[in-house]
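Notes follow once the structure below has been shown.
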Amino acid sequence: MTGAGDDAVDVSFVVPARNEGDYLRGALASLAALDTAYEYEVLVVDGDSSDDTPEIAREYDAAVLQEGGDSIAAARNLGAERAAGEWLAFIDADTRVRATYLTELLGFAEREGLAAASSYCRITGPRRAKLMEATINHGFSRLERPILPGFSCLVHRRAFEDVGGFPDVPNEDTAFSRLLAARYPIGYRRTVLVENSGRRIADLGLTGTLGHYLRLDLERLRAAQ
């Protein structure tokens, strides 16, 4: 792991976080434990948190960028703008990566000639979260234009900049994936390399969560018209 701004950085991890004190430590600890020969940096984009999110980020020697909390797309794009890496890896504050995440996923992308990639995931929490997990692993990954979830998305900087980054719309990761897939090859490593919390499902239930994302996607489609 290198310091932020190091010219030798291969990959920059961008972690948007707003009041994520309960989860961020787990995400950053998993990044610190990566078993890889790639040089990487970690940037936490703080969305005007009122808790100890920035202090936790500094505990793990992450660069802390301040963003006004306008949107998760704005946070991801700010992190990308300040990042030094040839590749950009976006994860969420409630995500934990496996120790082999970077070596396997970047190796897969380079080997297959992909501009962006994700992997199968494990969604923790209530049993009903397994339906969301199956949707991502066996639905999103098999689409003609795969959807790369924002909690685990590796993309080459050139492709990221070419499509203009994450659109500032609801379901920004879906919109971003559509833009990427229209111009570049993208795909999934069919190995579980990341865990994401099922906290939204725990809070809203499965039906409420599906309704939440359906509303966001309708808003995304309206914004694209």
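The values are calculated or read from the model by the stated rules, or taken from the named source; none is laboratory data. Remember, it's a predicted structure, so these values are computed and weren't measured experimentally. With ideal geometry, Cβ positions are generated from the backbone for all residues, glycine too; neighbour counts draw on all protein chains shown. For accessibility, only protein heavy atoms count, side chains too; no ligands or nucleic acids. Shrake-Rupley method; radii C 1.70, N 1.55, O 1.52, S 1.80 Å.
Surface composition of the stretch 1-152: carbon and sulfur atoms hold 44% of the protein heavy-atom accessible area at a 1.4 Å probe. Note on residue 22/residue 135: beta-carbon distance plugged into 1/(1 + (r/R0)^6) with R0 of 25 Å gives a FRET efficiency of 0.50.
Estimated at 0.36 nm per residue, the fully extended path between residue 143 and residue 191 surpasses their Cα-Cα distance by 15.6 nm. When shorter helices are ignored and each DSSP H run of at least 4 residues is given -39500 (n - 2.57), the per-residue value for the chain at 222 nm works out to -12500 deg cm²/dmol.
Average accessible surface for the stretch 57-113: 44 Å² per residue, computed with a 1.4 Å probe over protein heavy atoms with every protein chain in place.
Give me the extension gain from residue 37 to residue 128: residue separation times 0.36 nm, minus the current Cα-Cα distance, reported in nm with one decimal. The partial results should precede the final answer.
Values: separation 91, 0.36 × 91 = 32.76 nm, distance 3.70 nm.
Here the segment from residue 37 to residue 128 would lengthen by 29.1 nm.
Over the stretch 29-152, calculate the relative contact order: mean separation of alpha carbon pairs under 8 Å at least 6 apart, over the residue count, as a percent.
The normalised contact order for the stretch 29-152 reaches 26 percent.
Between residue 29 and residue 55, residue separation times 0.36 nm minus the direct Cα-Cα distance comes to 8.0 nm. Restricting the GluC sites (Glu not before Pro) of the stretch 50-108 to loop positions (DSSP other than H, G, I, E, B) with no more than 16 neighbouring Cβ atoms within 10 Å leaves 86. Structural descriptor for the chain: relative contact order 22 percent, calculated from alpha carbon pairs under 8 angstrom and at least 6 residues apart.
Here, the stretch 41-181 is characterised by an Rg to Rh ratio of 0.95, where Rg is the alpha-carbon radius of gyration and Rh the Kirkwood radius. Model label sites at residue 158 and residue 183, defined 7 Å from Cα along the beta-carbon direction, differ in position by 1.2 nm.
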